[in-house]
1. Students often forget the sequence filter, so: which aspartates and glutamates lie under 20 Å Cα-Cα from Lys433 once same-chain residues fewer than 8 apart are removed?
2. Given only helices, namely DSSP H runs of n ≥ 4 each adding -39500 (n - 2.57), what is the per-residue ellipticity at 222 nm of the chain, to the nearest 500 deg cm²/dmol?
3. Using the Cβ atoms and a cut-off under 14 Å, what net charge is assigned to the surroundings of Ile195, where Lys and Arg are +1 and Asp and Glu are -1?
4. As an exercise, use a Förster radius of 30 Å and the Cβ-Cβ distance of Lys550 and Glu466 to find the FRET efficiency, rounded to the nearest 0.05.
5. Pick out, in residue order, every one of the trypsin sites (Lys or Arg not before Pro) in the stretch 118-203 that is DSSP loop and has at most 16 other C-beta atoms within 10 Å; say none if there are none.
6. Ordered by packing density, taken as the mean number of other Cβ atoms within 10 Å over each peptide's residues, highest first, how do 22-30, 339-347 rank?
7. Once all Cα-Cα distances of the stretch 204-336 are split into 5 Å bins that start at 0, what whole-number percent is in each one?
8. Could you bin all the Cα-Cα distances of the stretch 136-218 into 10 Å bins starting at 0 and give me the percent of pairs in each, rounded to whole numbers?
Amino acid sequence: MFLGDLMIKFDKKTYKDGSTKTQVRVVEGYRPGPGLPPKQRTIRDFGYLEDQKDPEAFLAEVRAFHDSYKKLNVPLRIEAAGTAKMYSEENRRLNYGYKFLEAVYRQLQIDEFIQNYEKSIGFRGEYSLGDIFKFFVLARILHPDSKRASFQLKNGFYGLQTDFSLPDVYRSLERIAGFEVQLQRHLNERVKQTIGRDLSYAFYDVTNYFFEIDFPADENDLRKRGVSKEHRTDPITAMGLFMDANGLPVSMSIFPGNTSDSLTLEPAIREVRESYGWGRLIAVADKGLNSSRNIDMLVNAGDGYIFSQILRGQKGQRYHEQLFDPDGWISNESGTYRYKLFVEEYEGRDKEGKKVLRKRKVLLYWNQAEAEMARRKREEKLEKAARSVRNNAYSIKKGVDEYTKELIVDPETGELLDHVKKQRCIDVEKAEKDAKFDGYFCLVTSELDLDERMIRRAYGGLWRIEQSFRIMKSDLYARPVFVSKNEHIRAHFLICFVALLIIRIIQHRMGNEALSAERIARALNAATCRVLRGGVIHLDDVGGMIAFQKRLDKEGKLVDTLAYSDEDEIALDYRLIQKVFGTDCYNIYWRQEEFNKVLNQITLA
C-alpha cells in the first residue's frame, strides 16, 4: 500500500492587492486504493508564516510537530465543510462487511478460476465476468433479490469493482452457465485443500424452485409443471444437491421440473463420479430417493446406501409383521424410545438385469415425542374434516379431505346404493389405520457392519442438507426465479450454490457457536463506513438490536429467555465474526490506506 512521505508544505497565496502570504502545513501523502492516483491529506494547518511574531520559533514548532508525528499517535484531523450537502460522496454510507465474505471467496480462488476460463475461451467482452460473478454472489448473501434489483445496489460497497452495466449482467449469465460444472470441480478441490472433505457419507436430496409464469416456453424449457415441495401450481425447476459429512455442499445438478426425485440420483452420482473421481460412497437420502432402481445402481457400482423406508401402504407392507410383533424390541430406561434391528434378504438385479438375492440391515424404531406429534396433527385434521363435512366444503386430499370419503347412499333410507347420491363423511377407518404407525420409522442400509446408533447418526446428518435448502430459499431468496432462459437459470443457481458454500464454510469455522445465515448477513450489512475529506474513514457502530439473556435448558443448550440484556445482539454477532476471521477492527477513524490494509488482511482463521 502506497504511503507518501510526511512533509512540511509551504504554499504561496497571492491576494487581489498583490500581497502574498505563505501557508504552512504538515501533510501526508496517501493512495486511496490500488491503481488510484496519490493524494495528500492535511495533518495540521499552522497558518501563515508572515502572521507570526517570531518566524524562527514558529518554524521550530512546525518541525517539532513534524518529527513527533512519526513517533506519536497524533489524532487525525477531520475536515468538514460548513456548506456540505446531503447526498454528497462523503455523506454516503458504504458497506465494508462484504470483505469478510470476499475473504472466503478469495480463499476459494474463484477470481483466478474465472480469469483462466476467460483466457481459455478467448473472452473479449468489455466487462469483467469475474467482477459480475463476485458482485452477485456477495449480493445474494447480503441483499438477495432479482438481478435488476441487486444491480441497483452496486455502488453501495466500499472498494468493490462494479464497472459494468445491466445489459452486461444479462450477457454474462450465458458465459457463467458455461463454467457451471468446471467451477464446482474447482471449488471441491479448494475445499479439500483448505478445509478438508469428509466423504464418509454423501448426503443427497432434491428440492424445487418455482417461477411466477403460467406456462413453459417450449419443450426444452427447464421450467416444467411438476410435484412442488411447496404445493404450488407454477412451473418449477428441480435441484439435486450433494453434501459432505461436514455439512459443506459438494455439487448441484439442475433438472426439468417434471423430473421425479428418484430419477435424479443416478445422473447426479454419475456426474460427481466423473467430475470428482470419488471412490466408494455411501449415499444417504430420504424415502423419495428409495427405489429399487437406485439401490441396484448403487450396489452394482460397489457403493452403499442408507435410505428411509415407507411403512404405510403397499410399499411398507413387507415390514408390518416385524413392526407389530412385540418381540425383539430394545427400549431405553424411560420407555420413550425403542428399536428393532435385523438383516433381511431382498431381490435385486445385477448389471445385466438378472435377478439376484442380496442382504441389507433394517432398522425399525419408535419415538414417543414423534408419536405424540403425529397424533396431534391427525386430530387437527380430523377436526377440520368434520367441519368440512358439515359445510359440504372440498379441499385437496393432503389437507382437510385426507380423512373424508364419499359414500353412495339412498337419500331416504341411508342404504348404500350405486349411482344414487354421493355423501361425504369422515374416514374413521383410515384415521385408525394411520394411528398404528404413529412415531414409527424405518431405515434400510447396505452396510451390514453398522449398528443402530451408527445408522441413526449417519441418517441424522441429512438435516444439514434440508437446512441448506431452507437457507437457499429463505435467506438467499433463490426463489421465485426471475430469469427465463435455461442458461440464465443455471447461472442463477450456480451463484446461489457458491453463496451457500461461503455461508456454510463460515458456519463450519464457527463450530458450536455457528450463527444462522440471517444473523451473519445482518451483522455484515451493519458494517458500514463513510469516506471523509482528506482520506479519512469513519466507521459506524455495528449494532442496533437488543440481545436477550440466555440460560441453559434441560439438555444443557443455551436458549433465549424473555428478559433482555445490556448487550447488542448484532454487535455480539459481529464480534464473533471478527474472531473467526482473526480481525480486531474497532477504531472509529482510520486513515484510508491503513483501513484498506486491514481489510485486505482479513482471512478465515
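The values are calculated or read from the model by the stated rules, or taken from the named source; none is laboratory data. Here the structure is a predicted model, which is why all the values come from computation and not from measurement. Glycine gets a Cβ as well: all are built from the backbone with ideal geometry, and neighbour counts include every protein chain shown. Heads up: the accessible areas ignore ligands, DNA and RNA and are worked out on the full protein's heavy atoms, side chains in. Shrake-Rupley method; radii C 1.70, N 1.55, O 1.52, S 1.80 Å.
1. Straight-distance partners of Lys433: Glu321, Asp325, Glu370, Glu372, Glu379, Glu380, Glu383, Asp401, Glu402, Glu406.
2. Mean residue ellipticity, 222 nm, calculated: -11000 deg cm²/dmol.
3. On the way: positive: Arg190, Lys192, Arg197, Arg504, Arg509; negative: Glu189, Asp198, Asp244.
Within the 14 Å Cβ shell, the charges total +2.
4. Working: r = 26 Å, r/R0 = 0.86.
Here the calculated transfer efficiency is 0.70.
5. On the way: sites: Lys119, Arg124, Lys134, Arg140, Lys147, Arg148, Lys154, Arg171, Arg175, Arg185, Arg190, Lys192, Arg197; in loops: Arg124, Lys154, Arg197.
When the trypsin sites (Lys or Arg not before Pro) of the stretch 118-203 are filtered for loop state and at most 16 Cβ neighbours within 10 Å, Arg124 remain.
6. Details: 22-30: 18.7, 339-347: 13.2.
Output ranking for 22-30, 339-347: 22-30, 339-347.
7. So the P(r) values, bin by bin, are 2, 9, 15, 16, 16, 14, 12, 9, 5, 2, 1, 0, 0.
8. 12, 29, 37, 19, 3
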